[in-house]
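To start, the structure itself, in structure tokens.
Derivation of every value follows stated rules applied to the coordinates shown; laboratory data play no part. Since the model is a prediction, treat every value here as computed from it, not as a measurement. As a convention, Cβ positions derive from the backbone with ideal geometry for all residues, glycine included, and neighbour counts pool all protein chains shown.
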Amino acid sequence: MLLPVVPSSPLPVASDFSTLSWQDLRTAVQACTRCAISKTRTQTVFGTGNQQAAWMVIGEAPGAEEDRQGEPFVGKAGQLLNNMLLAIGMPRETVYIANVLKCRPPNNRDPQVDEAANCRGYLERQIALVNPTLILVVGRIAAQNLLQTTAPLARLRGQEHRAPVSGTPVVVTYHPAYLLRQPSDKRKAWQDLLFAREVFARHAQSPH
């Protein structure tokens, strides 16, 4: 008789982490071995910035430099993100920055479905702890994972979305690494940032 296969590491749900403090959440991420990329990482990349920020920026996953330094959005893409935020009056130190994945996928490949699912509870708890007025999501993969959609980036831009669990307003734009490869789209990204600022101003009128 065939016995049912029991997963060795079941996918987490948000409630697994719903009572964790910042420090306990960071410790859980550092110790995480829920999927195979935990074996190839140099270190986890938890997140950085103001833990009471009104803006939260969410990207896809750590790259090689982030894996080495343990901080999201460093290097050229990070510098461009800093400049983008500064252009709308939001210096990097005033926002909180995190990724969908806390470990670097090998060779910077796209995250797999199970990997994003394994990390989802961590990100949802970060959003709950920050309790931002606005989430700015950069890149197609991060947007699709956060919003649980397969819609292309072009359809996600220019709209106000809501994060599924928290209900936080979400605005989508291009990933800085993409803009470094396709600088002609920086004008569209600027339009997204202006739209994000408008959405933020509208919601900031209510208590944060």
Here is a list: P183, P169, P164. Which entry is out of contact with any Cys (no Cβ under 8 Å at 6 or more places or on another chain) and crowded, with 18+ Cβ neighbours inside 10 Å?
P169
Which of the residues belonging to the stretch 142-152 are surrounded by 22 or more Cβ atoms within 10 Å (Cβ to Cβ) and more than 22 Å from L194 (Cα to Cα)?
N145
In the stretch 71-127, what residues are touching a residue at least 24 places away in the same chain (Cβ under 8 Å), of a type in the set (V, I, T) and farther than 20 Å from Q52 by Cβ?
V100
Answer from G139, G121 - the residue that is buried (at least 20 other Cβ atoms within 10 Å of the Cβ) and within 19 Å of L180 (Cα to Cα)
G139
Does T42 fit the bill of being of a type in the set (S, T, N, Q), over 21 Å from I127 (Cβ atoms) and touching an Asp or Glu at 6+ places or on another chain (Cβ under 7 Å)?
yes
Considering residues that are farther than 20 Å from Q23 by Cα and among the small types (G, A, S), the number found within the stretch 45-98 is 10
Q51 fails exactly one of (1) free of Cβ contacts under 8 Å to residues at least 40 places away in the same chain; (2) surrounded by fewer than 21 Cβ atoms within 10 Å (Cβ to Cβ); (3) not in a helix (DSSP H, G or I), namely (1)
Filtered residues of the stretch 14-47 (kept if of a type outside the set (A, V, I, L, M) and closer than 17 Å to N131 by Cβ)
F17, S18, T19, S21, W22, G47
With criteria (1) touching a residue at least 24 places away in the same chain (Cβ under 8 Å); (2) of a type in the set (D, E, K, R); (3) not in a loop (DSSP other than H, G, I, E, B), E65 comes up short on (1)
I'd like the residue in the stretch 35-48 that is among the β-branched types (V, I, T) and either out of contact with any helix residue (DSSP H, G or I) (no Cβ under 9 Å at 6 or more places or on another chain) or assigned to a loop (DSSP other than H, G, I, E, B) (or both) and, out of all such residues, is surrounded by the fewest Cβ atoms within 10 Å (Cβ to Cβ).
T40
Go through the residues of the stretch 96-114 one by one and say whether even a single one is under 22 Å from A201 (Cβ atoms) and loosely packed, with under 15 Cβ neighbours inside 10 Å.
no
